[in-house]
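Please treat every number below as a calculation from the coordinates, not as lab data. Predicted, not measured: the structure shown is a model, and the values here were computed from it. Quick reminder, even Gly has a Cβ in these numbers, built from the backbone with ideal geometry, and neighbours come from all protein chains shown.
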Amino acid sequence: MNEKQLNILLADDDTDDCIFFKQAVEELKIPTHLTAVHDGEQLMDYLSEYSLRAQNLAPLPDVLFLDINMPRKNGKECLAEIKLNNKLKQLPVIMFSTSYEKEVVNLLYNNGAQYFIRKPVDFSQFKKIIQQTVTLISHGNIAQPARENFVLTVENSLIK
């Protein structure tokens, strides 16, 4: 079976996390292409190229993994801009952070993020949740779930 390549955009300022993310994706049996940007302004510049192209000849990435805490423009600001832009709002956005603040997670849900991942400190757990999430997206699970399924962890993966 010839699977479609999954185009992943990663926005994260932590170099180590970008390396770990790349390693996790490379181990998948799903064909992927990973592009990384390292701050919110770079992300929005990258995405604005898509919205400016005539007839959007290049498709949007299949999914954006967006770190909340980044320099120059944080992930919450980027999410708001993406979801207000008619040419970008259909882009599935998976937010992630090392911290978990319930009111921030609620804000992300209300602003249209597809899922939230709390970054585990252990690399094997980080790799596992990234792989599970990419697999989830590759199976077409891009609609925002019910609120109780919004936060993804290794323990509560929605992959059956």
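Extension gain for N106 to L84 (0.36 nm times residue separation, less C-alpha to C-alpha distance): 6.1 nm. Annotation for segment 7-24 versus segment 93-108: alpha-carbon center distance of 18 Å.
Step through the table entries K4/K29; K22/K87; K29/K127; K76/K119; K76/K128; K87/K119, compare each Cα-Cα distance with 19 Å, and write down the pairs that go over it.
On the way: K4/K29 12 Å; K22/K87 27 Å; K29/K127 14 Å; K76/K119 16 Å; K76/K128 25 Å; K87/K119 29 Å.
Pairs exceeding the cut-off: K22/K87; K76/K128; K87/K119.
Label point of I30 set 7 angstrom out along Cα-Cβ; within segment 82-97, amide nitrogens under 14 Å from it belong to 92-94. The mean sequence distance of close C-alpha pairs (under 8 Å, at least 6 residues apart), as a share of the length of the chain, puts its relative contact order at 21 percent. In terms of its Cα atoms, segment 6-152 spans 43, 35, 30 Å along the principal axes, sorted from long to short.
Spin-label pair N149-K22: with each label point 7 Å from Cα along the Cα-Cβ axis, the two points sit 3.3 nm from one another. For Q144, neighbours were defined as the other residues whose beta-carbon sits under 14 Å from its Cβ, and their charges (Lys and Arg +1, Asp and Glu -1) total +2.
More than 20 Å apart: what percent of Cα pairs in segment 100-160 qualify?
Values: 441 of 1830 pairs.
Tail of the P(r) past 20 Å holds 24 percent of the pairs.
Computed packing ranks the peptides 37-45, 78-86 as 37-45, 78-86, most packed first, by mean other Cβ atoms within 10 Å.
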